[in-house]
Amino acid sequence: MRKPDVVLRLTPKPMAVEVKRLSAAYDGQPVLENVDIALPVGKWTAIIGPNGAGKSTLFRILLGVMKPLRGAVTVHGEDPARQRRLGHIAYMAQQEAVEWDFPISVQDTVLTGRFGHMRTDLWWRRLLPPRWAESHHWDVVHRCLEAVNMQDFAHRPIGALSGGQKKRVLLARALAQEARLLLLDEPLAGVDTASERLILDLLARQRAAGRTVVMVTHDMDSARRYADQVLLINRTIVGMGAPDNMLVDEMLARTAVAGWRPVARRDPPLEAFP
Ligand SMILES: Nc1ncnc2c1ncn2[C@@H]1O[C@H](COP(=O)(O)OP(=O)(O)OP(=O)(O)O)[C@@H](O)[C@H]1O
């Protein structure tokens, strides 16, 4: 009898993020054009581009909350909205995008990061107010608050925090999601040196644990020191590669990064900064 043929299927592991020929627009006004991106799982990518380059728009599309005009987008090989609903994408918004006057404590804010996981709790649990969540959710919340050094502020209203503390709470909420992909919109903006160090070290640990980190930043030094790759964007992808190849005068000039300082010349003339 003839033996059945053994078919060896070698399916490549899906990328964390794959974007092909993407275009996006608001009210018919193009914002992103012909964007191609492939971000491997477990790497740290820094996205750098000037104001209005479309970085936050790209995040909205990767979260599946905005539909592209054209092109294909997958997260872990699936529809981004589905991945978000499954809790595989964590998002840290820019501080300005959050309603800080909302009467909610620091720990309840971080608990909202657990909502995706709570969907799999027992049905009757899901009828209770979130504050009565199962203890393992609270364990994660407290662990994340400790990780960002905000445990002493757990009961404080979020409106009564400094700028740097707000950032740390937003990061704790993103960490509490225990997602495979972390999308962070300017996590380092407006924080002091100690907070910056804490945030970068935490993200380095996330990456070491196999998570994919994607961080929009204007901080070239951090991108150079921590990121595996840099993506330069200004309405379209200007370049993508190792930090040492992307964060050079020629590439930055092409991206026209606001506030960009020439790398070769440490002290440019003042007139370079209007
Ligand atoms: N909801 C919206 N409706 C209409 N236009 C928008 C909307 N959101 C953003 N835009 C426009 O789209 C363009 C890209 O905005 P986006 O916020 O994606 O840029 P960004 O790179 O994140 O900028 P920044 O560094 O200032 O945060 C800008 O010209 C902006 O004015």
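The values are calculated or read from the model by the stated rules, or taken from the named source; none is laboratory data. This is a predicted model, so every value here is computed, not measured. Backbone-built Cβ (ideal geometry, glycine too); neighbour counts: all protein chains shown. Side chains are part of the model used for accessible areas, which takes the heavy atoms of the whole protein and leaves out ligands, DNA and RNA. Shrake-Rupley method; radii C 1.70, N 1.55, O 1.52, S 1.80 Å.
Cβ-Cβ distances below 8 Å connect the following pairs, each with a first residue in the stretch 10-36 that is more than 18 Å from LEU183 (Cα to Cα) and among the polar types (S, T, N, Q), a second residue that is more than 10 Å from the ligand (Cβ to nearest atom) and open to solvent by 70 Å² or more (accessible area, probe 1.4 Å), and a separation of six or more residues or different chains: SER23/GLU33; SER23/ASN34; SER23/LEU69; SER23/ARG70; ASN34/ARG21. Annotation: of all residues in the stretch 11-56 being within 16 Å of the ligand (Cβ to nearest atom), among the β-branched types (Val, Ile, Thr) and in contact with a Gly (Cβ under 8 Å, 6 or more places away or on another chain), the one that is nearest to ALA81 (Cα to Cα) is VAL19. For the stretch 79-86, the condition of being open to solvent by less than 60 Å² (accessible area, probe 1.4 Å) and either in a loop (DSSP other than H, G, I, E, B) or in the same structural domain as GLY163 (by TED's automatic domain parsing) (or both) holds for none of the residues.
In the stretch 9-61, of all residues being among the polar types (S, T, N, Q) and in a loop (DSSP other than H, G, I, E, B), the one that is farthest from VAL73 (Cα to Cα) corresponds to ASN51.
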